[in-house]
Structure formats: structure tokens, C-alpha cells
Amino acid sequence: MVILYDNDSEGKKIRNGIKQASGVTVTGIEPFVHVIGNLYAVPTPLLDGVQESKIENFFDAAIKSTTVDGKAFSDENNFDITTHYGKKVFAHKVVRPNADSINFDGFRPLLNNLVLAINAHVAKVQAASAPPPNP
């Protein structure tokens with residue numbers, strides 16, 4: 001199981017939960033963290049020296065500039081609804097209907113980190129199921 005979380009001020013709550021569950025201090029710069037059992041946490045990567053990131057950062061500027069009903073996209077939690085639309089509208093009215101034509105290349109660093117977490121789990125499972133060495 002993988003928890004993908006935004007690496008922003010809200011993500012600090014996830015990092016605190018990881019520390020409580022596993023005792024591991026998480027900074028957000030790790031590509032992934034093994035929490036417990038089969039649970040892994042993957043933060044959105046911090047690219048180009050930024051201090052915070054969220055999933056919307058990985059879409060290109062062209063798709064994020066799409067207007068809906070005359071409103072601009074805002075990835076903030078609090079925004080003026082008379083001039084902006086939020087993440088839910090972005091997902092349903094911009095991303096979903098345009099998924100075949102959106103350039104998702106910006107997601108490569110995030111997807112690479114998901115692969116690293118999956119590969120770490122596979123290696124852990126294989127090591128646990130390997131027969132003990134002969135003395």
C-alpha cells in the first residue's frame with residue numbers, strides 16, 4: 001500500500017503520523033519511506049530547489065491555465081470562487097476529459113519514486129521468503 005502525499009505544509013501532518021507509526025523521522029526529501037508492514041509513503045518530489053510541492057505542480061503550465069466557465073485554476077485550499085475554480089473541478093473538467101492529450105512528462109520524477117517504493121517492497125518480500133542459508 002502506498003500513500004502519496006503533497007510535500008507542503010499539510011504534508012507535515014503525514015510526516016508526523018509516519019514518525020508516530022514507525023519512529024522514523026521524515027524530512028520530505030526522501031523518495032519514499034517504509035512506514036510499517038506493507039505501507040510506504042511517497043511525497044511529491046521537491047524539484048529545482050523548491051521547499052514545497054503538490055501534485056498539481058507536475059502538470060504543465062498550459063493545462064493549468066485552462067479556464068472553466070470563465071474562471072482560472074487555483075491549487076490553493078482557500079480561493080475566491082467568483083474568479084477561480086479548485087482541484088476537484090480541475091480533475092473532473094480539465095484533466096479527465098483531456099487525459100489523452102495532456103503531457104504527463106512532468107510526473108516522471110514522482111512515478112520514479114513510486115517505482116522505487118514498489119521495488120523496495122518486492123525485495124523485502126523476496127528476502128523474507130528466501131530459504132535460510134545452509135550452515
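Just so it is clear, none of the values below were taken in a lab; they were calculated from the coordinates. A quick note: this is a predicted structure, and the numbers were derived from the prediction, not measured. Cβ atoms come from the backbone with ideal geometry, glycine included; neighbour counts cover every protein chain shown.
Brief remarks on what is shown
- Förster radius 25 Å - calculated FRET efficiency between SER101 and ASP69, Cβ distance, rounded to 0.05: 0.75
- Here the dipole of segment 61-102 is about 120 debye; that uses its Cα centre as origin and unit charges on the Cβ of Lys and Arg (positive) and Asp and Glu (negative).
- Here's the list of aspartates and glutamates a cross-link from LYS19 could span, going by alpha-carbon distance under 17 Å and ignoring same-chain residues fewer than 8 apart: ASP6, ASP8, GLU10, GLU30.
- Options [x] 1.14; [y] 1.09; [z] 0.95 - which one matches Rg/Rh (Cα atoms, Kirkwood Rh) as calculated here: [y]
- Relative to the longest principal axis of the Cα atoms of the chain, the long axis of helix 11-22 makes an angle of roughly 20 degrees.
- The chain - mean residue ellipticity at 222 nm from DSSP helices (-39,500 (n - 2.57) per run, n ≥ 4, rounded to 500): -9000 deg cm²/dmol
- Cα-centred dipole magnitude for the chain, charges only on beta-carbon of K, R (+1) and D, E (-1), debye, nearest 20: 440 debye
- Mean Cβ count within 10 Å, highest first, over the residues of peptides 43-51, 75-83: 43-51, 75-83
- Taking the longest Cα principal axis of the chain as reference, the axis of helix 108-129 is set at about 20 degrees.
- Prolate is the label for segment 80-135. Its Cα gyration tensor axes, ordered a ≥ b ≥ c, give a/c of at least 1.5 and a/b above b/c.
- Violating pairs (Cα-Cα greater than 22 angstrom) within the set LYS12/LYS93; LYS13/LYS87; LYS64/LYS87: LYS12/LYS93
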